[in-house]
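Here's the structure, in structure tokens; my notes come after.
The values are calculated or read from the model by the stated rules, or taken from the named source; none is laboratory data. Just so you know, these numbers come straight off a predicted model, no measurement behind them. Counting neighbours? That spans all protein chains shown, and the Cβs are built from the backbone with ideal geometry, glycine included.
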Amino acid sequence: MKIHKSIDKFIYILIIANIAAMIAESHVSVRAVFAYEFYVFEAISIGIFSLEYLYRIFYAYRKSKIKGALEYVTSVFGIIDLISIVPFFLNQFTKVDGRFFRILRLFRLTRIFKLGRDSSSLKLFVKALTAVKGELKFTLFLSILTILFSASAIYYLENDAQPEKFSSISESIWWATVSLATVGYGDVYPITVGGKIFASIISLVGIGVVAIPTGIISASFVEEIIKSGGRKKIDNSQEN
């Protein structure tokens, strides 16, 4: 429908304007001069996004009743739509530490994902992730287990030599996470022989830990592309 396309275009422009406003607002000099204008623009935008969210629920309900409405609310874009507006209302009606809401304001960035609502590539990617969610959950569990094991081992190997940096297992989780992700910031590192040997092994293990989910997602994405290509060929042959 033409009206739907016009609404979508307006929403996309508003999303881009919101992202631009958020970037501009991060500059202290700009925020000091236009703080009220930023707030008004944010409030108006939230009002429009809220109406859009309610409209999409209503539209989904009209098409498939309760089932349709629930499908939209629990869909990826439905969750994104909700997350992008909830922090503003929490900030207005809840008295919580201001720092918490400064973090919540980052959820405004989720609005940019709304730009991909009609993107076939994004839908294909989401479908690929959904198809291997079981494998990804297991990979996440394996990663957490490896991080905890690494943090525990390096704590016992390095605590005596560096009690301030490896003061506990929970403090050692930072080192374990950075090492397994093969980032290696260099702010915390082992100095004992045992710690260095263990760190070398963990670094090699980390390559595999990072590669597993990457390989799973890539394989699923390729499979979905092949399936999509096959469906297009069938549709074209039926049209001919």
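A single entry from Arg31, Arg111 fulfils the requirement of being under 23 Å from Leu14 (Cβ atoms), modelled with pLDDT under 75 and either in contact with a helix residue (DSSP H, G or I) (Cβ under 9 Å, 6 or more places away or on another chain) or in the same structural domain as Tyr12 (by TED's automatic domain parsing) (or both): Arg111. With the structure loaded, tell me whether Lys165 is of a type in the set (D, E, K, R) and closer than 30 Å to Tyr53 by Cα or whether it fails that test. Spelling it out, it is not the case that Lys165 is of a type in the set (D, E, K, R) and closer than 30 Å to Tyr53 by Cα. For Tyr189, the test of being more than 30 Å from the chain's Cα centre (by Cα) and surrounded by 13 or more Cβ atoms within 10 Å (Cβ to Cβ) is failed. Tallying residues that are in contact (Cβ under 8 Å) with a residue 12 or more places away in the chain and within 16 Å of Lys123 (Cα to Cα) within region 57-80 yields 5. Can you name the residue in region 188-199 that is within 20 Å of Ile144 (Cβ to Cβ) and in a helix (DSSP H, G or I) and, of all such residues, is modelled with the highest pLDDT? Step by step, filter region 188-199, then rank; the result is Phe198. As a summary of the residue check, Tyr185 satisfies the conditions (1) at pLDDT below 90; (2) within 24 Å of Leu140 (Cα to Cα); (3) in a helix (DSSP H, G or I); (4) not polar (S, T, N, Q) except for the one numbered (3). Being among the aliphatic types (A, V, I, L, M) and surrounded by fewer than 12 Cβ atoms within 10 Å (Cβ to Cβ) is the filter; apply it to region 52-79 and report the residue that is nearest to Phe89 (Cα to Cα). The extreme case among them is Leu54.
Could you check region 7-36 and list, in sequence order, the residues that are more than 20 Å from Gly78 (Cα to Cα) and exposed (fewer than 12 other Cβ atoms within 10 Å of the Cβ)?
Residues satisfying the conditions are Ala20, Ile23, Ser26, His27, Val28, Ser29, Ala32, Val33, Ala35, Tyr36.
The number of residues in region 14-57 being under 22 Å from the mean Cα position of the chain (by Cα) and over 14 Å from Ile85 (Cβ atoms) comes to 8.
Does region 23-43 contain any residue that is at negative phi and in contact with a Leu (Cβ under 9 Å, 6 or more places away or on another chain)?
No, every residue in region 23-43 fails to be at negative phi and in contact with a Leu (Cβ under 9 Å, 6 or more places away or on another chain).
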